[in-house]
Amino acid sequence: MHKRPILVLQMQRMGDLILSFPLFLWLERAYPGHPIWVVAEEKFFRPLMPVSLKVYYLPWERLDELSKRKYELIINLSIRDQAASLAGELKAEAKLGPVAGSDGTTHILGNWQLYRASVVENNRHNLFHWADLNALDCIPLSEIASTRWPQPRTLSHESNRIGLFLGASEEAKRPSVRFWADLCAELLKRGLRPVLFGGPMEQGMGQEVARLFKGPVLDMSGKLNLGELIAVGQSLQLFITPDTGPMHLAAWSGLKVLNLSMGNVNPWETGPYQNDHYVLRSTMSCALGCWTCSRDKLHCHTPFTPSRIAVAAKRMIIEDRDALSKMNMPGLRLSFSARNRNGLYHLKQLNGSRAQAGDLLGRFWQQYFGAIFGLWGIDGAEMLWKEFARQNPILATKMAGHLPRLGKEFSRGLSRSIPLEDSFWNACPVVLRQFSGFIHLFLQNYGYSRHAWIQALSHYEQLASIIIKN
């Protein structure tokens, strides 16, 4: 007897599709014998099929084929209205993510899918990676934690080619042409041979980098498809890249990555997912959780200097982490991808300033939400709050002082069944917005029903008991 398929709707960009690959693997293990179907953009999935898990890909244009079946599970990872409508129309034993009802109202199903939606423009203290959030509603944490990903390749020291991927989806996320040209010169001074990569949109950029550099450089920008990029990547010692789809492809294929995480990205959410890849990020307080920059210029780009990157790249090639940990890079923090004690994605700091208030607060919120959604007990959140309050008494007092106001508002909402003001979540102090953003969306998602208010009050009481008790 054939088992019902599992359907994943992933209509986002190439990087989002690659970050869904771990979910496909876990679904294969958690639902043995159930075929995995994936609806995605053909221009993204077609070139990725040689390196993807063996799933059945369908383009959006073949939706008529989907309505003929009932599914074991539908997971909608897309933000498109069409995807929510499709998830609502199809029949399944269970559904996760945005699902439109017959009246056209969309509800987000699954605690973790709802949490992820709540950090849109509110991700300053979010430490959950997208790849983990894709899976936490339907895959046991033990399965995620026990997965062992292959280590990035280390070639012989005679190999000296370094890949530079020039582009990213937005200008704020990528270095300038001048930066890349100067980095080529710095690498060459250290005996390393730069190779330029990019898609068709970066072809002109590659030519301009080569012109400014005026030295020996192999310009492959706009000349390779994704399969060829993977093949050429086997001969590279390191791939230096902003946060972009090819970065995730490189990490997935075993090519060691140095992610220059700049602009409006959060490496905790979209950094290279497999272990032992490197992430370099500005230490500016606004750098994490930046959605769009409102400043006069991209100040977070300034600390990224070609000489620093070249020195770090040389040490990464020979895996000299002791030297990397001693590098003086003011304004930057170097980390490598790893797993925390719960088995989730973690950026382990190598150098830079000691843990800041935001770092501790992010870890606290990660433990708090993991506890209220049943991943683990509350002890971790209590321990981290004590440490946060000890190191940051002013911020802790501000947070504790605002809690009674939240309690009154929730109690009033329960007694009167009235919606919160639209400004509720971001009118709260920044230290509380991870909580207020989730609760606000949670109540909206469930129509401010009495049950939703009771659940919101329960989450509030758990938070208050940690903060007030400690």
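The rows are residues; the columns are (1) in a helix (DSSP H, G or I); (2) modelled with pLDDT of 90 or more; (3) farther than 23 Å from Asp137 by Cα; (4) of a type in the set (Phe, Trp, Tyr).
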site: Ala389; (1), (2), (3), (4): yes, yes, yes, no
site: Leu395; (1), (2), (3), (4): yes, yes, yes, no
site: Trp425; (1), (2), (3), (4): yes, yes, yes, yes
site: Phe442; (1), (2), (3), (4): yes, yes, no, yes
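One line per residue, one yes/no per condition, for (1) at pLDDT 90 or above; (2) β-branched (Val, Ile, Thr); (3) at negative phi; (4) not assigned by TED's automatic domain parsing to the domain that holds Gln237:
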| residue | (1), (2), (3), (4) |
| --- | --- |
| Gly254 | yes, no, no, no |
| Gly263 | no, no, no, no |
| Val311 | yes, yes, yes, no |
| Asp320 | yes, no, yes, no |
| Leu361 | yes, no, yes, yes |
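Could you check the stretch 304-316 and list, in sequence order, the residues that are under 24 Å from Lys173 (Cα atoms) and either of a type outside the set (Gly, Ala, Ser) or surrounded by fewer than 20 Cβ atoms within 10 Å (Cβ to Cβ) (or both)?
Scanning the stretch 304-316 gives Phe304, Thr305, Pro306, Ser307, Arg308, Ile309, Val311, Lys314, Met316.
Gly374 is checked against (1) outside the structural domain of Val430 (by TED's automatic domain parsing); (2) more than 30 Å from Val257 (Cα to Cα); (3) small (Gly, Ala, Ser); (4) in a helix (DSSP H, G or I) and fails just one. What number does that condition carry?
Checking Gly374 against (1) outside the structural domain of Val430 (by TED's automatic domain parsing); (2) more than 30 Å from Val257 (Cα to Cα); (3) small (Gly, Ala, Ser); (4) in a helix (DSSP H, G or I), the one that fails is (4).
Quickly run through the stretch 1-18 and pick out the residues that are buried (at least 24 other Cβ atoms within 10 Å of the Cβ) and part of a loop (DSSP other than H, G, I, E, B).
Let us first name the residues in the stretch 1-18 that are buried (at least 24 other Cβ atoms within 10 Å of the Cβ), namely 6-10, 17-18.
Gln10, the sole residue that qualifies.
Just the residues that are farther than 14 Å from Leu27 by Cβ and not in a helix (DSSP H, G or I), please, taken from the stretch 49-75.
Result: Met49, Pro50, Val51, Tyr57, Leu58, Pro59, Arg69, Lys70.
Within the stretch 431-444, does at least one residue satisfy the condition of being over 22 Å from Trp112 (Cβ atoms) and crowded, with 18+ Cβ neighbours inside 10 Å?
Yes; the residues of the stretch 431-444 include at least one that is over 22 Å from Trp112 (Cβ atoms) and crowded, with 18+ Cβ neighbours inside 10 Å.
Answer with yes or no whether Leu218 is surrounded by fewer than 20 Cβ atoms within 10 Å (Cβ to Cβ) and under 21 Å from Pro194 (Cβ atoms).
The answer is yes for Leu218.
How about the stretch 271-293: which of its residues are closer than 21 Å to Gln356 by Cβ and modelled with pLDDT under 95?
Once the filter is applied, which keeps residues that are closer than 21 Å to Gln356 by Cβ and modelled with pLDDT under 95, the stretch 271-293 yields Arg281, Ser282, Thr283, Met284, Ser285, Cys286, Ala287, Leu288, Gly289, Cys290, Trp291, Cys293.
Going by what's in this entry, would Leu25 be described as under 17 Å from Gly97 (Cβ atoms) and among the aliphatic types (A, V, I, L, M)?
On the way: under 17 Å from Gly97 (Cβ atoms): no; among the aliphatic types (A, V, I, L, M): yes.
Here the answer is no, as Leu25 does not meet what is asked.
When the residues of the stretch 445-470 are narrowed to those that are among the aromatic types (Phe, Trp, Tyr) and in a helix (DSSP H, G or I), which ends up surrounded by the most Cβ atoms within 10 Å (Cβ to Cβ)?
Trp453
Select from the stretch 339-358 the residues that are within 27 Å of Val430 (Cβ to Cβ) and under 16 Å from the mean Cα position of the chain (by Cα) and list them in ascending order.
Asn340, Leu344, Tyr345, His346, Leu347, Lys348
What do you reckon, is Leu27 outside the structural domain of Ser423 (by TED's automatic domain parsing) and modelled with pLDDT under 95?
On the way: outside the structural domain of Ser423 (by TED's automatic domain parsing): yes; modelled with pLDDT under 95: no.
Taking the combined requirement at face value, the residue does not satisfy it.
Condition check: touching a His at 6+ places or on another chain (Cβ under 7 Å) and outside any helix (DSSP H, G or I). Does Leu420 satisfy that?
Yes, satisfied.
Any chance you could count how many residues in the stretch 27-46 are outside any loop (DSSP other than H, G, I, E, B) and surrounded by fewer than 18 Cβ atoms within 10 Å (Cβ to Cβ)?
Total satisfying the criteria: 6.
Read through the list (1) buried (at least 21 other Cβ atoms within 10 Å of the Cβ); (2) without any contact (Cβ under 8 Å) to a residue 12 or more places away in the chain, then give the number of the only condition that Glu158 fails.
Of the numbered conditions (1) buried (at least 21 other Cβ atoms within 10 Å of the Cβ); (2) without any contact (Cβ under 8 Å) to a residue 12 or more places away in the chain, the odd one out for Glu158 is (1).
Here's the yes/no breakdown for (1) within 25 Å of Lys348 (Cα to Cα); (2) free of Cβ contacts under 8 Å to residues at least 60 places away in the same chain; (3) assigned to a loop (DSSP other than H, G, I, E, B):
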| position | (1), (2), (3) |
| --- | --- |
| Glu202 | no, yes, no |
| Asp243 | yes, no, yes |
| Ala251 | yes, no, no |
| Asn259 | yes, yes, no |
| Asn264 | yes, no, yes |
| Asp276 | yes, no, yes |
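The values are calculated or read from the model by the stated rules, or taken from the named source; none is laboratory data. Predicted model only: the values in this text are computed from it and were never measured. Please note: Cβ atoms are built from the backbone with ideal geometry, for glycine as well, and neighbour counts cover all protein chains shown.
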